[in-house]
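Okay, structure first, notes after.
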Amino acid sequence: MTALARPTHGRMIGGVCAALARRFGTSATTMRVIFLVSCLLPGPQFLLYIALWILLPSEDKAARTAW
């Protein structure tokens, strides 16, 4: 598995779904569909997405801190 970081390429809004897709070895489209379907269920999905957007480093920042 790869490190959890938002990619600089291939992201739509914040890159959270693309980062999770890379981490778990699925396509970004599949992860986005899973997220959209989960929004039909009650719960804090949008808050979780925003929190991950803030907390996950961008791929270029993660590469700089790896040194």
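The values are calculated or read from the model by the stated rules, or taken from the named source; none is laboratory data. If you're wondering where the values come from, they're calculated on a predicted model, not measured in any experiment. Methodologically, a virtual Cβ is constructed for each residue, glycine included, from the backbone with ideal geometry; neighbour enumeration extends over all protein chains shown. Surface areas here come from the heavy atoms of the whole protein model, side chains and all, with no ligands, DNA or RNA. Shrake-Rupley method; radii C 1.70, N 1.55, O 1.52, S 1.80 Å.
Here are a few things to note about the model shown:
- Odd one out for G43 among (1) loosely packed, with under 12 Cβ neighbours inside 10 Å; (2) within 12 Å of the chain's Cα centre (by Cα): (2)
- When D60 is tested against the conditions (1) within 13 Å of P7 (Cα to Cα); (2) open to solvent by 70 Å² or more (accessible area, probe 1.4 Å); (3) at pLDDT 90 or above; (4) out of contact with any helix residue (DSSP H, G or I) (no Cβ under 7 Å at 6 or more places or on another chain), the lone failure is (3).
- Selection within segment 13-40: residues that are open to solvent by 70 Å² or more (accessible area, probe 1.4 Å) and among the basic types (K, R). The member of this set that is farthest from A3 (Cα to Cα) is R22.
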